[in-house]
Amino acid sequence: MGSFTGETIMSGWKHDHIIDLATFSLEDYNTVLELADRFKSLPLSGTRKIPALQGKLVATLFFEPSTRTRSSFELAAKNLSADVQSFTPNTSSVNKGETPLDTALTYVAMGADVLVVRHSSTSVPEQLIHSLKEAGAKTSILNGGNGIQSHPSQGLLDLFTLAKFFNPVKPSTETLKGKKITIVGDILHSRVARSNLWALTACGADVFLCGPPSLLPEEFSDFTQTPPPGQKFDPIKNRGKIHIIRSLKEALIESDAVMTLRLQRERMKQNLLSDLNRYHLDYGITHEKLKYCKKEGPVLHPGPVNRGVEISSRLVEDRSICLIEQQISNGISIRMALLYLIATKKSENHLSKAEKGGNK
């Protein structure tokens, strides 16, 4: 594990937990991108599994259904040689009234070093951090998606996918500076969109949001001007701008990349769309509509895909410009990087405290 340890990667990493990308500095982003790129190259060197987190326990507590995120985190942990425990609500004591905190404390008592938590409530990850700290637990929390607020690992894998597309040799935040990235669809209910807004604007990209007013309120133009509750300042001095454009054609003109989002119908409190065919005509991404973009600009989609609604089936299958498969693959490398960074930081903190105690 020599090339992954030491000050080259770990210097400056301050996060014991990863909840929201609003707290990330440019150094944080570049640390994750560099480490993910190194992990990405492992299969090319004939090494898929490394002993970086041997002896560590990673527990995935997904109170919401998930295929890609959960499987990706578990595979990432196994690639780092960590032990993995999976929590399934349908066969757990949640059905008997157990709270998320009690579930978390159960896995902490089993020795979990990292809890990857997904929950429909926005406040759960932060509440767990506070409660575990009060209980004296040293376990790290990694947000796998909370309500509609944040999905940090998805935002980072999207960022890595774009940076890798534009600069395969050395993906970094600098790669995205000055780019025009268009995000289309259900912004209102999307935690993925929110995480991408923090990440892309941090890198100096200008983000153009496009969708009907019912799914894209005007106040999103000021999104990054209001950090989450409890955050005192924005670590990014010069963010890219956010623009709201209602016309898809206008939003796509000269775009460097396009991200389309799934309609989050399970999170809609009202029936905000009555005609999916009309939506596809107005906002669905197809080969024909991509002609307005810059040449060969990539298309991303966080999944799961509703073919024929937010994106055409033919475009999904066009691997020359549709990067869905790369997103899935890159998700493993990004999640390896995040697990490694917070688990290793915990170990270094404990070692440092032990050494100070021994020197008294």
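The values are calculated or read from the model by the stated rules, or taken from the named source; none is laboratory data. The structure presented is a predicted model; accordingly, all values stated were derived computationally and were not measured. With ideal geometry, Cβ positions are generated from the backbone for all residues, glycine too; neighbour counts draw on all protein chains shown.
Side notes on the structure shown:
Rundown of residues vs (1) in a loop (DSSP other than H, G, I, E, B); (2) over 25 Å from Thr122 (Cα atoms); (3) at pLDDT 95 or above; (4) charged (D, E, K, R), yes/no style:
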site: Ile9; (1), (2), (3), (4): no, yes, no, no
site: Ala22; (1), (2), (3), (4): no, no, yes, no
site: Thr31; (1), (2), (3), (4): no, yes, yes, no
site: Glu34; (1), (2), (3), (4): no, yes, yes, yes
site: Phe39; (1), (2), (3), (4): no, yes, yes, no
site: Ser72; (1), (2), (3), (4): no, no, yes, no
site: Ser81; (1), (2), (3), (4): yes, yes, yes, no
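- Taken together, the residues in region 13-42 that are in contact with a helix residue (DSSP H, G or I) (Cβ under 7 Å, 6 or more places away or on another chain), farther than 21 Å from Ile328 by Cα and not charged (D, E, K, R) amount to 6.
- Any hit, region 268-290, residues being modelled with pLDDT under 90, out of contact with any Ser or Thr (no Cβ under 8 Å at 6 or more places or on another chain) and under 21 Å from Gln154 (Cβ atoms): yes
- Listed by position, the helices (runs of 4 or more DSSP H) enclosed by region 108-218 that each have at least 1 residues that are outside the structural domain of Met336 (by TED's automatic domain parsing) are 152-166, 191-202.
- Lys180 touching a residue at least 60 places away in the same chain (Cβ under 8 Å), surrounded by fewer than 23 Cβ atoms within 10 Å (Cβ to Cβ) and either closer than 30 Å to Ser320 by Cβ or touching a strand residue (DSSP E or B) at 6+ places or on another chain (Cβ under 7 Å) (or both): yes
- For region 263-281, the count of residues that are of a type in the set (Gly, Ala, Ser), touching a Lys or Arg at 6+ places or on another chain (Cβ under 7 Å) and in the same structural domain as Gly185 (by TED's automatic domain parsing) is zero.
- Within region 224-243, restricting attention to residues that are outside any loop (DSSP other than H, G, I, E, B) and surrounded by fewer than 19 Cβ atoms within 10 Å (Cβ to Cβ), the residue that is modelled with the lowest pLDDT is Gln225.
- For Glu296: the one exception among (1) touching a Ser or Thr at 6+ places or on another chain (Cβ under 9 Å); (2) modelled with pLDDT of 85 or more; (3) of a type in the set (Asp, Glu): (2)
- Number of the exception - Ile129 against (1) farther than 24 Å from Ile245 by Cβ; (2) crowded, with 24+ Cβ neighbours inside 10 Å; (3) touching a residue at least 40 places away in the same chain (Cβ under 8 Å); (4) not basic (Lys, Arg): (2)
- Criterion violated by Ser255 - all others in (1) of a type outside the set (A, V, I, L, M); (2) modelled with pLDDT of 90 or more; (3) over 24 Å from the mean Cα position of the chain (by Cα) satisfied: (3)
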